[in-house]
């Protein structure tokens, strides 16, 4: 699994130099953002940004070669990132004095004015409209909580790194895509039992989010009485701090009044049905568990699937190979690029490799006994050559040139011969192709010999 | 208006309907997959 995973994850289209430059750029931007005193989400954006074009470019290669398995990898990758956000939120709550105020309060006019009233901000200082990256923990009265030393407790808004995205629409869209994605993957990889587990848990999670989405979007009458936490915000550069400024009586929608706990959350629907009080987990913990139960099986399923992942070009060229033969042979494939006009193999040279064209067009040229070289065939993406020299003649029976820039997957002689020994049907398929290709050459040679 | 237990309980039909919707979609997809597996054991 490790070897197959390494091979799959290795950069294939993007040269190592570009990867190093991207890593350096990402690092420089990260350090720059830190030195500028930017909030965590800006640092994260600067760090990730340079990688996006590179990953897209590389992802396209993976999709061309691995098809649906590449989609599986993308889903797994995004889901690990998603779980990372939930994990960070739980860490913020449990170990970083985090406050569950999501999305984080914004330094808008109302919050800035409260800070002015409280004497924390000068009158002429305009609001920045930046999200708070520090929150002073509120107590039950809505005012700042103090510790044993009488100090206020500062922490982060416990909304993950990208807390601005922590609202119901994002959760509903993302988790619906996860549910649909999990079902789709089950249809494509039906023998992977861990995917079924992931799909079933994703379904349960989806019920929860459909419920939350429904009450969020459909029940918008503010008919419930309650007190809302209000904030006063101060800003130093891009760092905004939200200070608790008391509770304000307000009318709430069902969602705001407690519905956001959903079906399984603390004092949510199920607790109300069975009559318990605060027995079930608070929403951030519950959704961390939900996501863990989806993402861990997804990762296991992906690792299991890695064992049988194979290159689509190999599968199309040699369709009679078994899945196991394909995945094992994929480990041995080498990608070689040729500039337009380059000689890929030369007639009469010792044959040492088998080639599958994956990009561009190659031209086969045959030199007749009279010494004249003529083009006899063109090979497009997905077609192969080199099998005659390996299986019959020992030497190349024709030359192959790169008519355009050509990328080819190649197999060395030893691997190719072992594969032919293991797969009689593939050997039979190639024998037919060889017979046809040699037949074509004989036909060209016959008039020359007659001459 | 207070957010009472009754308000919550009034949401049971919604939860049941949404669970049924997800279960039906799952059942259709799983049936399709299982049929495919039976055809290609």
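Worth pointing out:
- Considering A:225, A:234, the condition of being assigned to a strand (DSSP E or B), buried (at least 18 other Cβ atoms within 10 Å of the Cβ) and touching a residue at least 24 places away in the same chain (Cβ under 8 Å) is satisfied by A:234 alone.
- Within the stretch A:12-43, the residues that satisfy the criterion of being closer than 30 Å to residue A:304 by Cα and at pLDDT below 90 are A:12, A:13.
- Residue within the stretch B:31-41 that is surrounded by 12 or more Cβ atoms within 10 Å (Cβ to Cβ), farther than 30 Å from residue A:256 by Cα and at the interface with chain A (Cβ under 9 Å from one of its Cβ atoms) present: yes
- Restricting the stretch A:332-355 to residues that are under 28 Å from the mean Cα position of the chain (by Cα) and surrounded by 15 or more Cβ atoms within 10 Å (Cβ to Cβ), the residue that is farthest from residue A:378 (Cα to Cα): A:332
- Residue check, residue A:247 more than 14 Å from every other protein chain (Cβ to nearest Cβ) and either crowded, with 21+ Cβ neighbours inside 10 Å or not in a helix (DSSP H, G or I) (or both): yes
- Scope the stretch A:193-222; condition away from chain B (no Cβ under 11 Å) and either part of a loop (DSSP other than H, G, I, E, B) or surrounded by 17 or more Cβ atoms within 10 Å (Cβ to Cβ) (or both); matching residues: A:194, A:197, A:198, A:201, A:216, A:220
The values are calculated or read from the model by the stated rules, or taken from the named source; none is laboratory data. On a predicted model such as this, the values are computed, not experimentally measured, just so you know. Cβ sites come from the backbone with ideal geometry, for glycine too, and all protein chains shown count toward neighbours.
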